[in-house]
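Novice: Starting off with a structure, shown below.
The values are calculated or read from the model by the stated rules, or taken from the named source; none is laboratory data. All of these numbers come straight from a predicted model, not from anything done at the bench. Every residue, glycine among them, receives a Cβ derived from its backbone with ideal geometry; neighbour counts consider all protein chains shown. Side chains are part of the model used for accessible areas, which takes the heavy atoms of the whole protein and leaves out ligands, DNA and RNA. Shrake-Rupley method; radii C 1.70, N 1.55, O 1.52, S 1.80 Å.
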Amino acid sequence: MGANTSIVDDINISQIHQLYAKFMRECPSGQLSLYEFKTLLGLHHMDPQAENYVDRVFQTFDSNKDGFIDFLEFIAAINLVIRGKIDQKLKWYFKLYDADGNGCIDKKELSNIFKAVQAINGHTNMTPEEFTNMVFQKIDVNNDGELTLEEFVTGVESDKNLLELISKSFDLSNVLKIIQKKNMPKKGIGKVFQGN
């Protein structure tokens, strides 16, 4: 819980009560399951690549790995997407891409995530293979076919075009818009985090 303390510090008590009441309306148990997460976002019956991406997003937001997103995990996830610093977002992206959890991203993992994102967000000007090859060409410093967290964060931060491409490609604002419409009809989640 220590990692989430600063998030709570950034939001006043009234805002926490608003978010908590809305979270509990959508999820009376106080724990959002994967099924409820997909229902909340209207993301059932998608192609397998998109399903995989949604599952990975859920698993990444489920920081204690209990199979549910509780209120603090929910707040932490939304805060990261809205107000997270670049290096925090890149570390989260890395965790999302590292499907097998071995601490490295290989070409297959990156390509699969890119395909899944395309299935949800629509197609881009680049194929998954082109995207993957371009990323590895630019930031796989030792050319071993795997990206470590350090290679990934340092490489993306040092290449503005790549940073912009990755930020746009893996943008979760569409997901937040859906949550915002369901949970925050008047103020919106972004406004709650930015203050009144």
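Novice: With a cut-off of at most 10 other beta carbons within 10 Å, and DSSP calling the residue loop, which trypsin sites (Lys or Arg not before Pro) in the range 71-145 qualify? Please list them.
Specialist: Listed in order of number, the matching sites are K85.
Novice: I've got another one for you. At 1.4 Å probe size, put Y93, Y20 in order of accessible surface, largest to smallest.
Specialist: Largest accessible area first, the residues go Y20, Y93.
Novice: Rank these by accessible area, largest first, 1.4 Å probe: F61, F68, F131.
Specialist: F68, F61, F131
Novice: Of the accessible area of the range 13-180, with the probe set at 1.4 angstrom, what percent is carbon plus sulfur?
Specialist: The computed percentage sits at 53.
Novice: Mind scanning K107/K160; K65/K138; K89/K115; K22/K108 and naming the pairs with a C-alpha gap bigger than 31 Å?
Specialist: Violating the 31 Å limit, Cα to Cα: K65/K138; K22/K108.
Novice: Averaged per residue, what accessible surface does the range 13-180 expose to a 1.4 Å probe, in Å²?
Specialist: 51 Å²
Novice: May I ask you to compute the full-extension gain from M46 to M126, defined as 0.36 nm times their residue separation minus their alpha-carbon distance, rounded to one decimal in nm?
Specialist: The M46-M126 span can extend by a further 26.7 nm.
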